[in-house]
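The values are calculated or read from the model by the stated rules, or taken from the named source; none is laboratory data. The shown structure was predicted, so the numbers you read here are calculated from the model rather than taken from an experiment. Neighbour counts run over all protein chains shown; Cβ positions are idealised from the backbone, glycine included.
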Amino acid sequence: MHAQPRAVTRTLDADPLGGTVCRTVLPNGLRILTEAIPAMRSVSFGVWVAVGSRDESPQLAGVSHFLEHLLFKGTHKRTALDISAAIEAVGGETNAFTTKEYTCYYARVLDTDLPLAIDVVCDLVADSVLAEADLETERGVILEEIAMHDDEPSEEVHDLFAAAVYGKHPLGRRISGEPGTISAMSRKQVQSFYRRRYAPPSIVVAAAGNLDHRKVVRLVREAFAAAGFPDTPADPAPYRGGKRVPARTDLVVLTKDTEQAHLVLGGTGIHRLDETRFAVGVLNNVLGGGMSSRLFQEIREKRGLAYSVYSYTSQYADTGLFAVYAGCAPGKVDEVLELIRAELAEVAAHGVKAAEVARGKGMLKGSLVLGLEDTGSRMTRLGKGELLYDELLSVDQLLSKVDAVSVEQVRAAAADLLARPMSLAVIGPFEDHDFRMVA
């Protein structure tokens with residue numbers, strides 16, 4: 001009788017604001033992280049897969065999101081009703097989401113029901129049937145989802161902006177895909193993508209709450225083995241990168257008969273491992289991170305030109321975005337754009353005040369801590385830390401990095417990011433409007 005391959009486990013530093021974090025790597029490359037928080041009576045359990053819309057070919061645009069839907073439609077052991085009923089019968093909840101670089105499937109249950117959650121989520125991730133009939137049903141659902149998204153210009157404009165910045169690069173495509181690619185996708189194509197990309201080295205399992213790490217590892221190992229995952233060394237996860245992400249500028253105007261104009265102005269930002277990311281986070285808060293931010297005060301509070309105006313960042317493995325969104329009356333769009341550009345130019349040239357930096361740091365620290373007040377957010381911290389950063393910083397370490405941000409670092413980040421060439425995306429009733437002078 002052959003001995004079972006050994007797993008490698010280590011305990012990470014205990015977090016004063018949470019519990020003890022442990023990490024196990026199975027022989028097949030699958031990684032399992034848990035945070036034991038005995039004071040909680042719930043557990044959040046998630047399976048994170050390192051595949052998203054940027055990993056798709058043009059012909060398969062939207063397949064990652066398509067799979068997210070399909071995996072809930074049934075396995076060889078459970079029907080779609082069995083999957084949802086099993087979790088709901090114990091008062092739990094289960095869901096999933098897809099991004100440009102990863103997909104997550106998760107459940108939140110009472111601590112006593114964690115074995116059930118592990119079995120259900122691992123089963124649907126590893127052993128989906130992908131029946132032809134289910135594929136046709138979900139094809140229709142996704143086409144409706146795309147249509148619904150197109151009816152929300154305040155959301156659609158961000159996809160338009162990403163396309164303006166990244167062009168035909170996969171990061172420029174929307175996560176859901178396009179009606180043409182979804183309509184043409186075959187079961188064979190979806191199944192091939194599923195078998196290639198949903199492999200142990202690309203998967204991280206994370207759980208947080210009242211749990212025992214060794215028990216979680218055993219249950220996960222048993223559940224994936226039952227679903228057909230090998231427990232022997234597997235090939236490493238596919239390498240992401242190689243093709244240089246373009247840095248381009250564009251003006252994209254989508255004419256629609258909307259009551260408001262929706263615009264996003266910005267350009268390339270930093271990648272997620274950039275050492276300046278904490279300074280950029282503070283800068284984002286100063287510019288458009290809340291009601292005390294420069295843009296909110298200048299455009300909404302002083303002039304009443306927009307109800308919603310904010311800045312944001314997106315960070316990927318090798319690039320990022322820095323952008324400003326505003327929604328305003330179509331007749332005010334030029335004035336709003338002029339004010340945004342003037343504020344960005346002012347900060348790029350002259351920096352920000354020490355008091356603004358202090359406020360921006362306080363906002364960032366508060367959001368970091370307040371965002372970890374439940375088991376779901378702490379599970380997410382584990383999954384993303386392992387999958388995206390290859391390290392798990394404690395809350396104290398994160399707060400220390402924010403505290404270390406100086407006024408000079410924020411000014412340097414502003415001088416770099418805000419002086420870069422910018423793209424503009426606009427949705428509204430602008431059939432004859434000329435944006436070239438303000439883009």
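Here are a few things to note about the model shown:
- Candidate set: the stretch 270-294, residues that are of a type in the set (A, V, I, L, M) and either under 20 Å from GLY331 (Cβ atoms) or surrounded by fewer than 24 Cβ atoms within 10 Å (Cβ to Cβ) (or both); chosen: the one modelled with the highest pLDDT: VAL280
- Scanning the stretch 108-147 for residues that are basic (Lys, Arg) and assigned to a helix (DSSP H, G or I) yields a count of 1.
- Verdict on GLY327 being touching a residue at least 60 places away in the same chain (Cβ under 8 Å), crowded, with 21+ Cβ neighbours inside 10 Å and touching a His at 6+ places or on another chain (Cβ under 7 Å): yes
- Residue match in the stretch 204-214 (condition: crowded, with 20+ Cβ neighbours inside 10 Å, modelled with pLDDT under 95 and of a type outside the set (S, T, N, Q)): no
- If you go through the stretch 371-427 and keep only what is touching a helix residue (DSSP H, G or I) at 6+ places or on another chain (Cβ under 6 Å) and free of Cβ contacts under 8 Å to residues at least 40 places away in the same chain, you end up with GLY371, LEU398, LEU399.
- Check on ARG303, of a type in the set (Lys, Arg) and in contact with a Gly (Cβ under 7 Å, 6 or more places away or on another chain): no
- Test: GLY62 is in contact with a Gly (Cβ under 8 Å, 6 or more places away or on another chain), buried (at least 20 other Cβ atoms within 10 Å of the Cβ) and not basic (Lys, Arg): yes
Per-residue answers, yes or no, for (1) in contact with a helix residue (DSSP H, G or I) (Cβ under 7 Å, 6 or more places away or on another chain); (2) of a type in the set (S, T, N, Q); (3) within 23 Å of LYS384 (Cβ to Cβ):
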{"position": "LEU263", "(1), (2), (3)": "yes, no, no"}
{"position": "HIS271", "(1), (2), (3)": "no, no, yes"}
{"position": "GLY281", "(1), (2), (3)": "yes, no, yes"}
{"position": "TYR316", "(1), (2), (3)": "yes, no, yes"}
{"position": "PRO330", "(1), (2), (3)": "no, no, no"}
{"position": "VAL336", "(1), (2), (3)": "yes, no, no"}
{"position": "LEU339", "(1), (2), (3)": "yes, no, no"}
{"position": "ALA345", "(1), (2), (3)": "no, no, no"}
{"position": "LEU364", "(1), (2), (3)": "yes, no, yes"}
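- Close pairs from the stretch 294-320: first not assigned by TED's automatic domain parsing to the domain that holds THR268, partner at pLDDT below 95, Cβ under 6 Å, at least 6 apart: none
- When restricted to residues that are crowded, with 20+ Cβ neighbours inside 10 Å and not in a loop (DSSP other than H, G, I, E, B), the stretch 220-237 contains 4.
- Matching residues, the stretch 102-116, being among the hydrophobic types (A, V, I, L, M, F, W, C) and over 30 Å from GLN315 (Cβ atoms): VAL109, LEU110, LEU114, LEU116
- Residues of the stretch 330-366 that are in contact (Cβ under 8 Å) with a residue 40 or more places away in the chain and under 27 Å from the mean Cα position of the chain (by Cα): ILE340, LEU344, VAL357, ARG359, GLY360, LYS361, MET363, LEU364.
- Of the residues making up the stretch 168-217, those that are among the small types (Gly, Ala, Ser) and either touching a residue at least 12 places away in the same chain (Cβ under 8 Å) or under 29 Å from VAL109 (Cβ atoms) (or both) are SER176, GLY177, SER183, ALA184, ALA199, SER202, ALA206, ALA207, ALA208, GLY209.
- Number of the exception - SER176 against (1) part of a helix (DSSP H, G or I); (2) under 18 Å from ASP55 (Cβ atoms); (3) among the polar types (S, T, N, Q): (1)
- Number of positions in the stretch 406-425 that are touching a Ser or Thr at 6+ places or on another chain (Cβ under 9 Å) and not in a helix (DSSP H, G or I): 5
- For the stretch 197-214, residues that are closer than 25 Å to GLU373 by Cβ and either assigned by TED's automatic domain parsing to the domain that holds ARG381 or not small (Gly, Ala, Ser) (or both) total 6.
- Candidate set from the stretch 355-400 (those that are of a type in the set (Gly, Ala, Ser) and within 19 Å of TYR312 (Cα to Cα)); member that is surrounded by the most Cβ atoms within 10 Å (Cβ to Cβ): GLY360
- Annotation note: Cβ proximity below 7 Å between a residue of the stretch 218-231 that is in contact (Cβ under 8 Å) with a residue 40 or more places away in the chain and a residue that is of a type in the set (Val, Ile, Thr) and assigned to a helix (DSSP H, G or I) (sequence gap 6+ or interchain) occurs for LEU219/ILE118; VAL220/ILE118; ALA223/ILE118.
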